[in-house]
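Take a look at the structure set out below.
The values are calculated or read from the model by the stated rules, or taken from the named source; none is laboratory data. Not measured: the values here are computed from a predicted model. Positions of Cβ are generated from backbone atoms using ideal geometry, with glycine treated the same way; all protein chains shown enter the neighbour counts. Side chains included, ligands, DNA and RNA excluded: accessible areas come from the protein's heavy atoms. Shrake-Rupley method; radii C 1.70, N 1.55, O 1.52, S 1.80 Å.
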Amino acid sequence: MPHLNLVVFMLFLGLCAFLWLFTGSGTDDAAMFPGQDLPGKAWHSGLAISGDSLSAVTLMALVGLIALTGYDGLMLSLGCVTGLVLLTLLIADPLRRGGGHTVGDSLARRFPERSVRTAVALVTLGVCVPYLVLQLTAIGSLTSFVLGFTGSAARTACILVIGVLMTSLAVSGGMRGTARVQIVKVVVLLAVLTVLTVTVLNRFGWNPDRLLGAAAARSGLGDLFLGPGVQYHSGSADVLNRLGQFVTLALAVCCLPQVTMRVLTAPRGRATRTAMHWAVAQLVVVSALLVVLGLGAAAIVGGPALHRADPSGSGSLLVLADALNPGGTLTSAVFCVVFLTALSTVSDVTVAAASTVARDLSPNAAEPGGGPGRRQERRARWAAALGGMASIALAIPAAGWNLLVLSTLAMTLSASALAPVLLYGLLWPRFTRRGALWCLYGSSALVLLLITVSPLISGGPAAAFPDRDFHWTPLANPGLVTVPVGFALGWLGSRLDRRGTDPARHAELATAALLGHRTG
């Protein structure tokens, strides 16, 4: 079986190389930056946005959590869809109408001071770096396992090769190239997941009740599979963890840097709403397919067998594919889809981080309304290359870490710092510079503190430091604390800021956004 996977994977790498050449952007002056009215239809943008909201780790984790925890995994899937709905209803239109090439640009129209742009850029990188390391580590480890390679040296080689490939795509393709990759990924993902789902449903006579009953019976949990409490049990701290996970995921998805970057490239006016409708519809379809596959994994393979294969559940999709088609090409096809998902995610996050560095952190950061020139374009490409190499260097030792730490850090920072600033900055006229800085720095510091003293870091066999115990909070997901604190800091800082906002400037910006014009 590893030999077949290796042959299929080598053929797939050849197709990826062709895709890399096809998506190259050459020397376009604005290839690395969003907000350039890139050509394309609204549904193209919609597919790219939805593709950015679903990473390879999320894809694998959702199937595993549904298979192993039942109801709790379903709520996690609902959180992803809720995040994209919030993006559609609250953020997409005002963000796109306001113009700009980064989120820092959009907020700089309200707050021209360099301090806000720098703070937004630092938090954005704080989200992007662990996200990149997480994706590279997961896909590198999965690749070495599927291809039958053993040992840390083989895993390191896989991370290195895959990281170089994904970084090369980001540097050469830029925004245009990664958008095409996202569209290809979504189409291939839907095709493969549909084949798997049809096969699972056919096993149970297309009867959802039979599927659900078999999943509960073979999960090893019985009736507990159909109710909440499996993942975090039913204590008060566990309820808070479950609520915090849902709130964090919903707010994080709508404000992830790679997702907001795609919104800035969407067409204007009604086409923006059309693109968002396509994005939500596609994510709903994928989530429904993943729910069926998660239940199918529990019903066909069984919860205990899935746990033995991978205690985290991340390998459940591959185990299910092998159970449906033993020794066939279905497992190879699923692995290639996961690899393509990781390729598109890492490339887009790298571009988002690079444009932030070149546009918002450079010594001569651009004024609001000014477009990126060739110097910023070159700076962004160098930032993408250096950032990719740094992520590879961090991903190699991270292969032995508890990856849940990286995932929780990235998502909680996005939900607790970026979400309040974006919502306040786009929707609240009285939001001020002090409120933005308090929110960005204060909530980020609180996130780092609570994760450091959480069960993710110490106090348990699955912690990052299992032999030590310095945790004093039972919250593995601190979002239920940090998200309200982030919003409260933004509100309090704005109320205590005696300078307030310039009413005339805010009226000018509101009028420009309403008319779809960009202001300088």
Largest-first ranking of D93, D72, D467 by accessible area, probe 1.4 Å, whole protein assembly kept, is D467, D93, D72
Probe 1.4 Å, accessible area per residue of the stretch 336-449, Å²: 35
Which distance in Å, rounded to a whole number, links the C-alpha centroids of the stretch 375-432 and the stretch 162-220? 25
Compute, for the stretch 41-197, the length of the dipole vector about the Cα centre, with Cβ point charges of +1 (Lys, Arg) and -1 (Asp, Glu) only. Units Debye, rounded to 20. 480
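Nothing charged except the Cβ atoms of Lys and Arg (+1) and of Asp and Glu (-1): what's the magnitude of the dipole of the stretch 149-254 about its Cα centre? Round to the nearest 20 debye. Present the calculation step by step, with values, prior to reporting the outcome.
Values: 8 positive and 3 negative charges, 81 e Å.
That gives a dipole near 380 debye.
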Name the residues whose placed amide hydrogens come within less than 5 Å of the amide hydrogen of F465, ignoring near sequence neighbours (fewer than 5 apart) on the same chain. S458
For the stretch 287-352 and the stretch 94-146, what is the centre-to-centre distance using only Cα atoms, to the nearest Å? 27
